[in-house]
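Visitor: Pasting a structure below so you can have a look.
The values are calculated or read from the model by the stated rules, or taken from the named source; none is laboratory data. Because the structure is a prediction, the values reported are computed rather than measured. For neighbour counting, all protein chains shown are included, and Cβ atoms are generated from backbone atoms with ideal geometry for every residue, glycine included. Please note that ligands, DNA and RNA were not included when accessible areas were found on the heavy atoms of the full protein model with its side chains. Shrake-Rupley method; radii C 1.70, N 1.55, O 1.52, S 1.80 Å.
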Amino acid sequence: MEQYDNVRIRAEEVRFFYGDKLALKDINLPIFENKVTAIIGPSGCGKSTFIRLLNRMNELIPNTHFEGKILLDGVNIYDPDVDVVAIRRKVGMVFQKPNPFPKSIFENLSYGLKVNGIRDRHYIEERVIKSLEEAALWNEVKDRFNESALRLSGGQQQRLCIARCLTVEPEVILFDEPCASLDPISTNRIEELIENLKQKYTIVIVTHNMQQAARVSDYTAFMYMGELIEFDRTEKIFTVPRDKRTEEYITGKFG
Amino acid sequence: MNKNQVQWLGFMFLSLTMVFILLVLGLILYFIIARGIHVISWEFLTQVPRRAMTQGGIAPALVGTFYLTIGAIIFALPIGLACAIYLVEYYPKSIVINIIRLSINNLAGVPSVVFGLFGLAVFVRFLGFGVSILSGSLTLGIMILPGIISATQEALLAVPQSLREASLALGATQWQTIRKTVLPTALPGIMTGVILSVGRAAGETAPIMFTAATFYTRGFPGSIFDQVMALPYHIYALMTEGTFPERQTAIAYGCALILLILVLLISAIAIILRQRQRQYGTV
Ligand SMILES: Nc1ncnc2c1ncn2[C@@H]1O[C@H](COP(=O)(O)OP(=O)(O)O)[C@@H](O)[C@H]1O
Ligand SMILES: [Mg+2]
């Protein structure tokens, strides 16, 4: 499969500890450019832990320990001389629960640009509008820029968070169960959105919803108890899984 | 007894305690107001004392309390904020930080007269600031520091981690995250703590007794190295010194009423701020 697609991120021999507890066991996984890679597995198997390693978010958790390499375009993002702020700008993230700032809609969207040193008002407005259009939210908020973002519905908040992530023009976007707290209609809209975003971005999505993985992703990784059990094209995983545990999981025997 | 009767008894007991507390509060208010209200007038608030404290007003004490309180905040707020931010945002969770936290909490339990003696030894004598606004402000500042640190810590800890993550994931530095997301979100909580500290600083007698306050000054302080009159100490002095105890007592109740009103006003501001924050948080 690697002949056809370009590897953007590669995890090599990744291990991760919470205290003494080994949460990820020697994970090796490629993430392909402009593809959607889904990570599935029962809850507690380490999906969030893994995806949060890709933009070094786990560093915020005290008393943790990382081993191995995460190569982004061939460079290990855990090298001591790598600027973590630059990595996080390149690798954006959308979280499980919508987390808009308790600020206005416009301030939510201009935040990322401002912290990255952009002052030009015109450019900021342009980026804000563009991102809202990409996140399919423009029509709903175009007259409400100064309203508190907390007044939006849950689904709108999550699309706002996606738009906010897009403003700083990341190259890779990480989604950690982005629909877990949303209703089916909002879930649908976000899935459509992800489908469109992959033209421009490399996407990694964690989900414990197998239908969702099957619908939106090109590749699927199945994790179980901190191990990567199987990784392949999505249609292969869902039709001819090689590992018995994968088969049991996708047929709903456990999880 | 069936369970409904048990419930009735339980509620009865709870409402009785409520009534009791309201009664005590009401009695305090009643006695202070009844005894203090008749000395209060525009003159009382704006004039300097005359005739050995038995006539005139308490303006220098009001001004003195104002200076001491402002001085305490100017000193304690920046240090308290910095300390709390460091402890919550920067320092990795460890045994050391727990020990520091515990010490700060213990500091909050130190009786205020001990702070007064400390201020006398360090600011008045050792640093040579004398009995002055400066010494008193620093002493009050140290007294309210633990309160400001704890209130700020609590407000910072109440900021959801998801907001910090949102900011960092956009490529903000930790400092930008603190300045633009964490502090603004925590601000109402911090303000509430600060305002309550203001009330405490304005009302304490013991810390300023040896470090700043004097029974009588001719006029208003000219520099931070002057002694001042201060409301709580003035009450204490009126009741324990002087030559006309009868008339002084009436004035003391007047001062107590003013102090009570001031502190209640300050608490009311804190409550309003908190209420506003709640409304904003839930829409
Ligand atoms: N902050 C943490 N501290 C300690 N253990 C954690 C922490 N976060 C997750 N874990 C543990 O690591 C394992 C993987 O968790 P996680 O990555 O959140 O799983 P998933 O996202 O697949 O549900 C679980 O056993 C969980 O209990
Ligand atoms: Mg998870």
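Visitor: Given R₀ = 60 Å, FRET efficiency for B:Gln47-A:Lys200 by Cβ-Cβ distance, to 0.05?
Guide: Values: r = 75 Å, r/R0 = 1.25.
Computed FRET efficiency for B:Gln47 and A:Lys200: 0.20.
Visitor: Can you give me the angle between helix A:184-197 and the longest principal axis of chain A, using Cα atoms only, in degrees from 0 to 90, rounded to the nearest 10?
Guide: It works out to around 90 degrees.
Visitor: Further question on the same structure: Can you tell me the length gained on complete extension of the stretch A:Glu12 to A:Glu67, counting 0.36 nm per residue apart and subtracting the Cα distance? Walk me through the numbers on the way to the answer.
Guide: Values: separation 55, 0.36 × 55 = 19.80 nm, distance 0.93 nm.
Value of the extension gain: 18.9 nm.
Visitor: Here's another thing I want to ask about it. Take the alpha carbon atoms of the range B:36-89, find their center, do the same for the range A:217-247, and report the distance between the two centers in whole angstrom.
Guide: Between the Cα centre of the range B:36-89 and that of the range A:217-247, the gap is 71 Å.
Visitor: Could you state the orientation-averaged shadow area of the convex hull built on the Cα atoms of the range B:38-280, in nm² to one decimal? Don't jump to the answer; show the numbers that get you there.
Guide: On the way: hull surface 61.5 nm².
So the Cα hull casts an average projection of 15.4 nm².
Visitor: Which whole-number percentage describes the relative contact order of chain B, with Cα contacts under 8 Å and a sequence gap of 6 or more? Can you show the working numbers first?
Guide: On the way: 377 pairs, mean separation 72.9, N = 283.
Relative CO of chain B lands at 26 percent.
Visitor: Toward the positive end of the charge dipole of chain B, about the Cα centre and with charges on Cβ (Lys, Arg +1; Asp, Glu -1), which of B:Gln55, B:Ala82, B:Ala230 goes farthest?
Guide: Result: B:Ala82, furthest along the dipole toward the positive end.
Visitor: Output the antiparallel fraction of DSSP beta bridges having both residues in the protein assembly as shown, as a percent to the nearest 5. Working shown, then result.
Guide: Details: 27 of 45 bridges.
For the protein assembly as shown, the DSSP antiparallel bridge percentage is about 60.
Visitor: For chain B, what does the accessible surface come to per residue with a 1.4 Å probe? Please give it in Å². Please report the intermediate quantities before stating the final value.
Guide: Working: 15070 Å² over 283 residues.
Per-residue accessible area for chain B comes out at 53 Å².
Visitor: Same structure, new question: With a cut-off of at most 16 other beta carbons within 10 Å, and DSSP calling the residue loop, which chymotrypsin sites (Phe, Trp or Tyr not before Pro) in the range A:156-255 qualify? Please list them. If you can, show how the numbers build up before the last one.
Guide: Numbers: sites: A:Phe175, A:Tyr201, A:Tyr219, A:Phe222, A:Tyr224, A:Phe231, A:Phe238, A:Tyr249, A:Phe254; in loops: A:Tyr201, A:Phe254.
For chymotrypsin sites (Phe, Trp or Tyr not before Pro) across the range A:156-255 that sit outside H, G, I, E and B with at most 16 neighbouring Cβ atoms in 10 Å, the list reads A:Phe254.
Visitor: Rounded to the nearest 10 degrees, what's the angle between the helix A:154-167 long axis and the longest principal axis of chain A, both from Cα atoms, 0 to 90?
Guide: 90
Visitor: For the cross-link pairs A:Lys198/A:Lys236; A:Lys90/B:Lys180; A:Lys69/A:Lys236; A:Lys21/B:Lys180, which exceed 31 Å when the distance is taken from alpha carbon to alpha carbon? Each step should come with its number before you reach the end.
Guide: Values: A:Lys198/A:Lys236 20 Å; A:Lys90/B:Lys180 21 Å; A:Lys69/A:Lys236 27 Å; A:Lys21/B:Lys180 35 Å.
Pairs exceeding 31 Å: A:Lys21/B:Lys180.
Visitor: Quantify how strongly other chains surround peptide A:87-96 by giving the mean number of their Cβ atoms within 10 Å of each of its Cβ atoms. Don't jump to the answer; show the numbers that get you there.
Guide: Numbers: counts 1, 7, 4, 1, 2, 3, 5, 2, 4, 1.
If you average over the peptide's residues, the count of other-chain Cβ atoms is 3.
Visitor: At the nearest 100 Å², what buried accessible area, both sides summed, do you get for A and B when the probe is 1.4 Å?
Guide: Values: alone 12210 and 16110 Å², together 26330 Å².
Its buried surface, counting both partners, is about 2000 Å².
Visitor: Can I ask one more? Take the Cα atoms of the protein assembly as shown, find their three principal axes, and give me the spread along each one in whole Å, biggest first.
Guide: Largest to smallest, the principal-axis extents are 101, 68, 51 Å.
Visitor: Starting with the highest mean, order B:179-190, B:234-245 by the number of other Cβ atoms within 10 Å, averaged over the residues of each peptide.
Guide: Working: B:179-190: 18.9, B:234-245: 17.3.
My ranking of the peptides, most packed first, is B:179-190, B:234-245.
Visitor: Can you tell me which aspartates and glutamates have their Cα less than 17 Å from the Cα of A:Lys142? Leave out same-chain residues fewer than eight positions away.
Guide: List returned: A:Glu107, A:Glu125, A:Glu126, A:Glu133, A:Glu134.
Visitor: Hey, another quick one. With chain B treated as a Gaussian network of Cα nodes joined by springs under 10 Å, which of B:Ile33, B:Ile95, B:Ile144 yields the largest mean-square fluctuation?
Guide: B:Ile95
Visitor: Leaving out ligands and nucleic acids, and using a 1.4 Å probe, what accessible area per residue does chain A come to in Å²?
Guide: Working: 11270 Å² over 255 residues.
So chain A comes to 44 Å² accessible per residue, rounded to a whole number.
Visitor: To the nearest Å, what is the center-to-center distance of the range A:81-143 and the range A:170-202, using C-alpha atoms only?
Guide: 16
Visitor: Continuing with this model, one more query. When the Kirkwood radius is taken over all Cα pairs of chain A, what Stokes-Einstein diffusion coefficient follows at 4 °C and 1.567 mPa s, in µm²/s? Before the final figure, lay out the partial values.
Guide: Values: Rh = 18.8 Å.
In µm²/s, the coefficient rounds to 69.
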